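Heads up: the structure comes next, in structure tokens.
The values are calculated or read from the model by the stated rules, or taken from the named source; none is laboratory data. Just so we're clear, the structure is a prediction, and the values are computed from it rather than from any experiment. Using ideal geometry, Cβ is built from the backbone for each residue, glycine included, and neighbour counts are taken over all protein chains shown. Protein only, heavy atoms only, side chains kept; ligands, DNA and RNA dropped before computing areas. Shrake-Rupley method; radii C 1.70, N 1.55, O 1.52, S 1.80 Å.
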Amino acid sequence: MNEVMTEKAAQNFIDAYESARTVLPGADGWLARRRAAAIEAFAGAGLPHRRLEEWKYTDLRQTLDKAGFAPAPEHKGAVVLPETASASAFSALDRHVLVFVNGRYRADLSKAARLPKGVELRGLADVLTEQWAKDLLERRFDEARQAEQVVDLNTALMSDGMCLRIRKGVKLDKPVHLLFFAADDGASHTRNLVLLEEGAEGTILESHVGEAASFADIVTDVVLGNGARLDHVKLQDESANAVHLATLRGEVGAEARLSSFTLTLGCGVSRGQSFIRFAGEGAEAQVNGAYALRATQHADQFCVVDHAVPRCASNTVFKGVLDGQSEGVFQGKVIVRPDAQKTDGRQMTQALLLSRDAAMNAKPELEIYADDVQCAHGSTVGELSKDALFYLRSRGIPEAEARRLLVLAFLDDVIALAPHEEAREILRGLVSGWFEEASI
Amino acid sequence: MLEIRNLHVTVDGKEILKGIDLDVAAGEVHAIMGPNGSGKSTLSYVLAGREGYEVTEGSILFNGQDLREMGVDERAAAGIFLAFQYPLEIPGVTTMTFLKTALNAQRKARGEEELDAVRFLKLVREKAKPLNVNDEMLKRALNVGYSGGEKKRAEVLQMSLLEPSLAVLDETDSGLDIDALKTVAEGVNAMRSPERSMIVITHYQRLLDYIVPDVVHVLSGGRIVKTGGKELALELEKSGYAAYGADAA
Ligand SMILES: Nc1ncnc2c1ncn2[C@@H]1O[C@H](COP(=O)(O)OP(=O)(O)OP(=O)(O)O)[C@@H](O)[C@H]1O
Ligand SMILES: [Mg+2]
């Protein structure tokens, strides 16, 4: 009986594919064959569960079985964003904005006109006939194929997404802001494609908000040409009934730099996974994040950085604050291939437990096959220092305020790693606001 | 201002203070001297309300109010300030943010208007200047990377900004060079007033040359074993504590 139950969510996705396959983007071309192969592979593997090492602490299968998400409806009418700081985050910045409602691009709500020459920014359906998009969709990003099951699901069902291509040497004039709003309950599957050619530069801000019981399945594929530079700041603040599954796959060319930062505040269950591979020497990757959780929230960060070539540097820091019965997970791996001499690879995770019932699972790993490398990994779990609290309170600062100051201080150095200065300040404000909600 | 009667205090099951009586009237400066481990810092922590310091007997009244019923931050808002023997380092909180939060929290608790950023900055610069605390120090994380002497000056800056009615200075002179000692003593003296009392804990008579106390106590083995005028400090400097029956606890 258990076996039947555990296949429920997977079957829902397979059914959703069957009923949507003729209307999904690219239904009449090469992509239809890719989708068919993907759903077949997905049907064979099912959803990830805890017996898989990479999913040891997060049972996606069980989570989705329990939630039973149907496909999210297409939302055509007017949209009212929640009146939260997260929903309006980044809105004061000068930016191009692409709005996605229930996972579908809404050109009528977006504002991305007057792009610089050499910048293309479109919805997924519009780029499928182009070779670069096809190349990206068929690319093999992680050789270990750790994201395979999840990416197959996404490939089969992806209905929309943001596609950004910046031509050689072109710099994006202002950030592209992707605002994902879950207006209604249900599952959406989003595929973002990002190609920065040689020497190109750009910034992507991404926010996910909504009060619905939504399942967001997002895969973002990034290819950075030699010397290209991508800054990425993501905010996830969906509802306590929502599930968020985000996969970032990146290939970083010689002397290029990818800097990605995620602030996780929302969702009942969320998993952010990053698979970064260096394709050329002298490249750098920063994959960092902060999270603040309460009640029964569960957030899992999974990060693999593959040093396939020499002289690259990678740094991963995730820091989180856990209140209530919340649970944090960090699993990370730095792989240094035999030829990848002069690698500098670092991973660190730190958690601050604000309650006795909160828990943290951390497993950073190094897999090193070269000898001339500098690698470090570490993990700590602690509580607020009683001495520090006493010191602040002895100056008249009430306990709740003292705790807020210390929590912000704890997260401050990781937020400092977020690449965009104004975005960074916005994230600081959101974390500060999170704490105020907590003390109500 | 402060009335301590037969105060017994236990820390981790061990009795450290064994019956202290101490009266500090408004405007008075009391010095407390005594051997290492005699309980001086313990007394200061009890006044500030630190967790784990259990009053098993006796009473502490501050302006007629029972201190034991007040939380740590309530005591501070009521006017008690402790300059720590070992000020803590707080990474990620700048000294400026800390000072502003503390001052405004106290003002709020007393029903006074909070200071905006501009008025606060003006005030803090005015208070910092005589203590040789510059803007660069204020922008750094609280006490992080401060030298021993800088930490002590920062404590005095906090006191001068918060204007407590009872200040307890726990070895604020230790770790200060000669010039800094003068600077700090001048800062403290500038705050002496008929409404403000001070308890100055020190090992050195030298500080008391600058901050001249009204009363000097010798604390030994958890008790006050001798009380006298400022000349008592001079005697102690010459003869040590042995003459006052001060065997180590
Ligand atoms: N948590 C504790 N458990 C047991 N004993 C403690 C604890 N904290 C302090 N003590 C003891 O209490 C005694 C008094 O310590 P206190 O710090 O008050 O001394 P002091 O007079 O300030 O000394 P000093 O001049 O060295 O600063 C010491 O013997 C110390 O070891
Ligand atoms: Mg002491």
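Of the residues B:G245, B:G149, only one is open to solvent by less than 20 Å² (accessible area, probe 1.4 Å), modelled with pLDDT under 90 and more than 16 Å from ligand 1 (Cβ to nearest atom); which? Spell out how you get there, then give the answer.
Numbers: B:G245 fails: open to solvent by less than 20 Å² (accessible area, probe 1.4 Å).
None of the other options fit; the residue is B:G149.
For the condition more than 7 Å from chain A (Cβ to nearest Cβ) and in contact with a strand residue (DSSP E or B) (Cβ under 9 Å, 6 or more places away or on another chain), what is the one hit in B:A128, B:A117, B:A78? So that I can check it myself, show each step before the final result.
Details: B:A128 fails: in contact with a strand residue (DSSP E or B) (Cβ under 9 Å, 6 or more places away or on another chain); B:A117 fails: in contact with a strand residue (DSSP E or B) (Cβ under 9 Å, 6 or more places away or on another chain).
Unique residue meeting the criteria: B:A78.
On the basis of being more than 15 Å from ligand 2 (Cβ to nearest atom), at pLDDT 90 or above, within 23 Å of B:T42 (Cα to Cα) and more than 14 Å from chain A (Cβ to nearest Cβ), does B:L232 make the cut? Can you show your working first?
Details: more than 15 Å from ligand 2 (Cβ to nearest atom): yes; at pLDDT 90 or above: yes; within 23 Å of B:T42 (Cα to Cα): yes; more than 14 Å from chain A (Cβ to nearest Cβ): yes.
Taking the combined requirement at face value, the residue satisfies it.
Quick check: is even one residue across the range A:157-174 within 16 Å of A:A246 (Cβ to Cβ) and in a helix (DSSP H, G or I)?
yes
So in the range B:90-105, with the set limited to residues that are within 7 Å of chain A (Cβ to nearest Cβ) and in contact (Cβ under 8 Å) with a residue 24 or more places away in the chain, which one is most open to solvent (accessible area, probe 1.4 Å)?
Going through the range B:90-105, the residues within 7 Å of chain A (Cβ to nearest Cβ) turn out to be B:90-93, B:101-102, B:105.
Cutting the leftovers down to in contact (Cβ under 8 Å) with a residue 24 or more places away in the chain gives us B:90-93, B:102, B:105.
On the way: B:I90: 4, B:P91: 91, B:G92: 41, B:V93: 4, B:A102: 2, B:A105: 18 Å².
Here the answer is B:P91.
I'd like the full set of residues that are open to solvent by 20 Å² or more (accessible area, probe 1.4 Å), in a loop (DSSP other than H, G, I, E, B) and more than 24 Å from A:E74 (Cα to Cα), limited to the range A:7-61.
Residues satisfying the conditions are A:E7, A:H49, A:R50, A:R51, A:L52, A:K56, A:Y57, A:D59.
Counting just the residues of the range B:7-38 that are of a type in the set (D, E) and within 13 Å of ligand 1 (Cβ to nearest atom), which one comes out most open to solvent (accessible area, probe 1.4 Å)?
Of all residues in the range B:7-38, those of a type in the set (D, E) come to B:12, B:15, B:21, B:23, B:28.
Add one more test, that the residue is within 13 Å of ligand 1 (Cβ to nearest atom), and what stays is B:12, B:15.
Working: B:D12: 153, B:E15: 77 Å².
Among residues in the range B:7-38 that are of a type in the set (D, E) and within 13 Å of ligand 1 (Cβ to nearest atom), the one most open to solvent (accessible area, probe 1.4 Å) is B:D12.
Filter the range B:208-221 for residues that are away from ligand 2 (no atom under 16 Å from the Cβ) and surrounded by 16 or more Cβ atoms within 10 Å (Cβ to Cβ) and give the result.
Taking the range B:208-221 as the starting set, the residues that turn out to be away from ligand 2 (no atom under 16 Å from the Cβ) are B:208-216.
Within the range B:208-221, B:L208, B:I211, B:P213, B:V215, B:V216 meet the criteria.
Mind listing whichever residues of the range B:1-16 are within 15 Å of ligand 2 (Cβ to nearest atom) and over 17 Å from B:D66 (Cβ atoms)? Lay out the reasoning, then the answer.
Step one: filter the range B:1-16 for residues within 15 Å of ligand 2 (Cβ to nearest atom), giving B:9, B:11, B:16.
Matches in the range B:1-16: B:V11, B:I16.
Could you name every one of the helices (runs of 4 or more DSSP H) located completely within the range A:324-440 that has at least 3 residues being touching a residue at least 60 places away in the same chain (Cβ under 8 Å) and not hydrophobic (A, V, I, L, M, F, W, C)?
Working: elements: A:386-393, A:399-415, A:421-439.
Those helices (runs of 4 or more DSSP H) span A:421-439.
Does B:G64 meet the test of being open to solvent by 10 Å² or more (accessible area, probe 1.4 Å), more than 10 Å from chain A (Cβ to nearest Cβ) and at positive phi?
Values: open to solvent by 10 Å² or more (accessible area, probe 1.4 Å): yes; more than 10 Å from chain A (Cβ to nearest Cβ): yes; at positive phi: yes.
For B:G64, the condition - open to solvent by 10 Å² or more (accessible area, probe 1.4 Å), more than 10 Å from chain A (Cβ to nearest Cβ) and at positive phi - is met.
Kindly check whether there is at least one residue in the range B:189-207 that is within 16 Å of ligand 2 (Cβ to nearest atom), open to solvent by 40 Å² or more (accessible area, probe 1.4 Å) and modelled with pLDDT under 95.
Just the residues of the range B:189-207 that are within 16 Å of ligand 2 (Cβ to nearest atom), to begin with: B:199-204, B:207.
Within this subset, residues satisfying the condition of being open to solvent by 40 Å² or more (accessible area, probe 1.4 Å) are B:203-204.
Of the ones still in play, those that are also modelled with pLDDT under 95 are B:203-204.
Looking through the range B:189-207, at least one residue is within 16 Å of ligand 2 (Cβ to nearest atom), open to solvent by 40 Å² or more (accessible area, probe 1.4 Å) and modelled with pLDDT under 95.
Residues being over 14 Å from the mean Cα position of the chain (by Cα) and either more than 12 Å from ligand 1 (Cβ to nearest atom) or within 14 Å of chain A (Cβ to nearest Cβ) (or both): count how many of those fall in the range B:39-61.
10
Condition test on B:V225, is it in contact with a Lys or Arg (Cβ under 7 Å, 6 or more places away or on another chain), more than 14 Å from every other protein chain (Cβ to nearest Cβ) and surrounded by fewer than 19 Cβ atoms within 10 Å (Cβ to Cβ)?
Values: in contact with a Lys or Arg (Cβ under 7 Å, 6 or more places away or on another chain): no; more than 14 Å from every other protein chain (Cβ to nearest Cβ): yes; surrounded by fewer than 19 Cβ atoms within 10 Å (Cβ to Cβ): yes.
In short, no.
Has the range B:21-38 got at least one residue that is within 14 Å of another protein chain (Cβ to nearest Cβ), modelled with pLDDT of 95 or more, part of a loop (DSSP other than H, G, I, E, B) and more than 16 Å from ligand 2 (Cβ to nearest atom)? Show your work before the answer.
Initially, the range B:21-38 is screened for residues within 14 Å of another protein chain (Cβ to nearest Cβ), giving none.
Scanning the range B:21-38 turns up no residue that is within 14 Å of another protein chain (Cβ to nearest Cβ), modelled with pLDDT of 95 or more, part of a loop (DSSP other than H, G, I, E, B) and more than 16 Å from ligand 2 (Cβ to nearest atom).
List the number of the failed condition for B:P87; all other conditions in (1) assigned to a loop (DSSP other than H, G, I, E, B); (2) within 12 Å of ligand 1 (Cβ to nearest atom); (3) open to solvent by less than 30 Å² (accessible area, probe 1.4 Å); (4) within 14 Å of chain A (Cβ to nearest Cβ) hold.
With respect to (1) assigned to a loop (DSSP other than H, G, I, E, B); (2) within 12 Å of ligand 1 (Cβ to nearest atom); (3) open to solvent by less than 30 Å² (accessible area, probe 1.4 Å); (4) within 14 Å of chain A (Cβ to nearest Cβ), B:P87 is out only on (2).
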